[in-house]
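Q: Below you'll find the structure I mean.
Values in this text are rule-based calculations from the coordinates and carry no lab data. In this text the structure is predicted, and so the values were computed from the model without any measurement. Ideal geometry is used to build each Cβ from the backbone, glycine not excepted, and the neighbour counts take in all protein chains shown.
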């Protein structure tokens, strides 16, 4: 677990998109972000107070989170001095970069001397068990997708927020690097050793109160030839009571694979339920979460109405129109 | 790749079963085994010449293969002297033990000095790609199962042998530690990082002659909640043209999970084809491979006949009655 609250390091982000991780923390865990640290030339702004390392420490920050990604996910030389200063001052550092903090000898040396921890969330820090397949108490909802990058993380986060606003017990469970940096914990599933994938998700979503919901971040898609095995392990390990199917309606082929068409909503539903019911016979697909960002409002509303009627399920875009209908759909489970 | 031929190290195996890996090499790659090395008290015998390290070296052996497994898969102290002597003499060492050769400092030191290699086949030695899903030339047959340990490795090996006897181009492709030690190469799929599982199988079964068959060793089962993700990645990465469904008819529940029943043959067929056709629309289930070891001959023949009729497919036990019918079933693909 990564100590909170955070100081968000934006570095010399060339544009706001490069600071996607910082934006996610700002959007979903604003209470974790006391401020932002920007280097000269930075073109991202989280509208948080600009702070020095010392000012943020005073304000309670205990981890410097690398909220910016270079092309290639490498560690930029221009960041190094600030990182070393942070560790020497007592901060932990958290990163989702491909280049690992632990492979930076000067950072490691500084962290050892100061007993601070370097959190490389791209790789697992836990020895996960082999999945047992046993039922657990509490309820679980998993976001599945017709494709990768269809809005699964966002859907689970938006549901958690609405559920908490309604006074329900709910916990977002991160299964990817961005989600882990946002919430401070989770399983970097795509980096787990094959035999332990399903077990890592059982570990992530343990026994809980009967009225508690885990909102599990989905990964990949059962129809994506590069990553479907990861998606299947997530369904088996998660043992969901409810599935929300996420979809991006303008996509013409599977992400990264121009020769593979998307599955239909019906195919995606049937395949996900087939596997989910192996571990939880009562599992139901309860709603559709459709990412309408590429459509104007009239087209978005038409798209949602058409999908809802065709699949006989509630359908919404949780970012554009709110996640309420997705949470309503859990009623009675 | 592990240099051949091998000297098979049987150590102080307490019984023949403990030498399962050596037995596999003896059965399936006898041309790789020049002799056996036994310590006092050894109760396994491969009916190969007993040789000292020096004699086997003279006979051409270049790798000492640990053909024996302790309870727990650890490295036995009683083996150490022979291992170090072997490395000093010029041998590579190959092991599928959980305890890694590379974690034995004295062995590592000896191997460095002599430039020999320690092959820990339990962990991958290659950086595999992300799967592209692109079609490859050549033909592929994958053994899938209703459960783990249902005879998938044996089925693929037996098919390869019959195909070679018939003058067909065929290569067994190992995806587990035992298969890798037997054949000297392969992918230890259960130890691959999640994101690269399907890619590792594409790497293992590259473009080939149009009339060449890869016989791919299966892993786990799409119905096994602990390992199904691995099985799905294998189907997507392998892009099989043909599936052989392996089954153990007396099993009462999924291996290791008493609360999970086995899928029916029909369910196992439909689930495997659903996913295989995502990457290869022409894929067919061509035959059943049924492990009848627990049945007497009359019961075995009745079981095969019943399954063949029910599924309208050829059915055999390749160990008991030969793999010919499985190979015949590939005709016309």
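Q: Go ahead and run the numbers for FRET between residue B:99 and residue B:302, Cβ-Cβ distance against an R0 of 41 Å, rounding to 0.05.
A: So, using R0 = 41 Å, E works out to roughly 0.35.
Q: Output, in nm with one decimal and in ascending order, the distances from the residue B:281 label point to the matching label points of the other copies (7 Å from Cα along Cα-to-Cβ).
A: Copy-to-copy label distances for residue B:281: 3.7 nm.
Q: Assuming a ≥ b ≥ c are the square roots of the Cα gyration tensor eigenvalues, decide whether segment B:17-121 counts as rounded (a/c under 1.5), prolate (otherwise, with a/b larger than b/c) or oblate.
A: Numbers: a/c = 1.63, a/b = 1.19, b/c = 1.37.
In terms of gyration-tensor shape, oblate.
Q: Rg and Dmax in Å for segment A:139-329, alpha carbons only: what are they?
A: 15.4, 46
Q: Return the single residue from A:314, A:210, A:281 with maximal mean-square fluctuation; model: Gaussian network over chain A, springs between Cα atoms under 10 Å.
A: Its mean-square fluctuation being the largest, the pick is A:210.
Q: Can you list, shortest first and in nm, the gaps between the label point of residue A:123 and those of its counterparts in the other copies, using a point 7 Å from Cα in the C-beta direction?
A: In ascending order, 1.0 nm.
Q: Per-residue Cβ counts within 10 Å, from other chains only, averaged over B:229-239: what number is that?
A: Working: counts 20, 7, 2, 10, 10, 2, 3, 7, 4, 0, 1.
The shielding value for this peptide is 6.
Q: To continue, here is another question. Report the label-to-label distance for residue B:108 and residue B:20 in nanometres (one decimal), using points 7 Å from each Cα along the Cα→Cβ vector.
A: It works out to 2.9 nm between the two label points.
Q: Rounded, prolate or oblate for chain A? Axes are the square roots of the Cα gyration tensor eigenvalues, ordered a ≥ b ≥ c, and the cut-off for rounded is a/c under 1.5.
A: prolate
Q: Follow-up. Taking the Cα-to-Cβ direction at residue B:321 and at residue B:76 and moving 7 Å from each Cα, how far apart do the two end points lie in nm?
A: A separation of 3.9 nm, rounded to one decimal place.
Q: Of the DSSP beta bridges with both residues in segment B:139-329, give the percent that are antiparallel, rounding to the nearest 5. Before the final figure, lay out the partial values.
A: Details: 1 of 23 bridges.
Expressed as a percentage, antiparallel bridges in segment B:139-329 total about 5.
Q: Please say if the protein assembly as shown is rounded, prolate or oblate, where rounded means a/c under 1.5 for a ≥ b ≥ c the square roots of the C-alpha gyration tensor eigenvalues, and otherwise the choice is prolate for a/b larger than b/c and oblate otherwise?
A: Values: a/c = 2.23, a/b = 1.37, b/c = 1.63.
Because a/c hits 1.5 or more and a/b fails to exceed b/c, the protein assembly as shown counts as oblate.
Q: Relative contact order of segment A:183-304: what whole-number percent is it, with Cα pairs under 8 angstrom and at least 6 residues apart?
A: Numbers: 123 pairs, mean separation 29.8, N = 122.
Contact order relative to length: 24 percent.
Q: Turning to a different aspect of this structure: For residue A:59 paired with residue A:212, estimate the spin-label separation in nm (one decimal), with each label point 7 Å from Cα along the Cα-to-Cβ line.
A: 3.2 nm
Q: For peptide B:127-134, compute the average count of partner chain beta-carbon atoms within 10 Å of each residue's beta-carbon.
A: For this peptide, the per-residue mean of nearby foreign Cβ atoms is 4.
Q: How far, in nm to one decimal, is residue B:207 from itself in the other copies if the label point is set 7 angstrom along Cα toward Cβ? Shortest first, please.
A: 5.6
Q: Pairs of Cα atoms under 8 Å, at least six residues apart: use those to get the relative contact order of chain A, whole percent.
A: Working: 701 pairs, mean separation 50.3, N = 333.
Averaging sequence separation for qualifying contacts and normalising by length gives 15 percent for chain A.
Q: Give the Kirkwood hydrodynamic radius (Å, one decimal) of segment A:151-240, defined as one over the mean of 1/r across all pairs of different Cα atoms. Please list the in-between numbers first.
A: Numbers: mean 1/r = 0.0752 Å⁻¹.
Roughly 13.3 Å, rounded to one decimal.
Q: In deg cm²/dmol, rounded to 500, what helix-only [θ] at 222 nm does chain B give when every DSSP H run of at least 4 residues adds -39500 (n - 2.57) and the total is split over its residues? Intermediate values should be presented prior to the final figure.
A: Values: 12 runs with 114 residues, N = 333.
For chain B, the value works out to -10000 deg cm²/dmol.
Q: Would you tell me the mean number of C-beta atoms belonging to other protein chains that fall within 10 Å of each C-beta in B:194-204, as a whole number?
A: On the way: counts 19, 12, 4, 8, 7, 3, 1, 1, 2, 0, 0.
Other-chain Cβ atoms within 10 Å of each residue's Cβ, averaged: 5.
Q: Based on DSSP, what percent of beta bridges with both residues in the protein assembly as shown are antiparallel, to the nearest 5? Could you put the intermediate results ahead of the total?
A: Working: 3 of 79 bridges.
Bridges in the protein assembly as shown that DSSP calls antiparallel: roughly 5 percent.
Q: Can you give the relative contact order of segment A:6-120 as a percent, counting alpha carbon pairs under 8 Å and 6+ residues apart?
A: Values: 213 pairs, mean separation 29.6, N = 115.
Reported as a whole number, the value is 26 percent.
Q: Cα centroids of segment A:237-260 and segment B:269-312: how far apart, whole angstrom?
A: 31 Å
Q: Which order do peptides B:17-23, B:74-80, B:7-13 fall in by mean Cβ count within 10 Å, highest first? Display every interim value, and only then the final one.
A: Working: B:17-23: 21.1, B:74-80: 13.9, B:7-13: 25.0.
So the order, starting with the most tightly packed, is B:7-13, B:17-23, B:74-80.
Q: Now for a separate question. Among DSSP beta bridges whose residues both lie in chain B, state the antiparallel percentage, nearest 5.
A: Details: 1 of 39 bridges.
The answer is about 5 percent antiparallel.
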